[in-house]
Amino acid sequence: MHMFRIVGGTDHTPETSHTEPRRDLTAPGRISFRARDDAETLTTSNRNKRLREQRNDVWRKADAVVSYWRARIAFEDAIEIGHREGIPETCLHPTKTHEYRRLSLKSYRLALAQQLLTPAPDAAAVNWKQAVVDRNDYVFVEYVEKELVETAIADDLAFLASHPARRARSNLP
């Protein structure tokens, strides 16, 4: 018997293991076994897709941390400008100290360095990494060497070459 819980306003059933029988909702009364995680039954395209999805989950989390710190710094800057210009709405927020800003910048730079070392799930992520290196955006240099980032990019390119994405059928002759 499964326990249900509310997650984000929707019913959520906890994941079951791949060996546990599960009701097939398309055929009431039938029980099917989930074989979706059985590597022997997956096609090469599906295996590649799953590997990319795993990388994408980690990449999205790293990107979310960078985005958070970037937005946090921008928000604190806006509050400081608002205080300086006498904007009433900014009175709701206290002014942060120079030390606080320094720590926020450090957190942002650490998050950026971490994302540059996070395995890229697709070519767009690799292109982003290369653009950061090419434009000499070395706000991360204090935390990671350029050579290490270039090695991570080379590893990403090797992964993408060995695990190609499936082509759309419309591209086929």
Once amide H atoms are placed 1.01 Å from N in the peptide plane, what residues at a sequence separation of 5 or more from HIS163, or on another chain, have their amide H within under 5 Å of its amide H? none
Which lysines, if any, have their Cα less than 28 Å from the Cα of LYS49, not counting same-chain residues under 8 positions apart? LYS61, LYS129
Semi-axes of the equivalent ellipsoid for region 59-162, Cα gyration tensor, largest first, Å: 34, 13, 10
May I ask you to compute the full-extension gain from GLU89 to GLN114, defined as 0.36 nm times their residue separation minus their alpha-carbon distance, rounded to one decimal in nm? 5.5 nm
Using Cβ contacts closer than 10 Å as the measure, can you line up GLU85, GLU80 from fewest to most? GLU85, GLU80
Apply 1/(1 + (r/R0)^6) to the Cβ-Cβ distance of TYR100 and ALA64, taking R0 = 25 Å, and write down the FRET efficiency to the nearest 0.05. 0.70
Could you give the length gained on full extension between ILE73 and LEU42, defined as 0.36 nm per residue of separation minus the Cα-Cα distance, in nm? 6.7 nm
Integer Hz, Karplus 6.51/-1.76/1.60 couplings in order for region 51-66, x for Gly and Pro: 4, 5, 5, 4, 5, 5, 4, 5, 4, 4, 5, 5, 5, 5, 5, 4
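How do PHE75, PHE159 rank when sorted from fewest to most other Cβ atoms within 10 Å of their own Cβ?
Working: PHE75 12, PHE159 17.
Least to most surrounded, the residues fall as PHE75, PHE159.
Any read-out appearing in this document is the output of simple, stated calculations on the displayed coordinates, not a laboratory observation. Note that the coordinates shown come from a computational prediction; the quantities given were computed from them, not determined experimentally. Don't worry about glycine lacking a Cβ; one is built from the backbone with ideal geometry, like all the others, and counts go over all protein chains shown.
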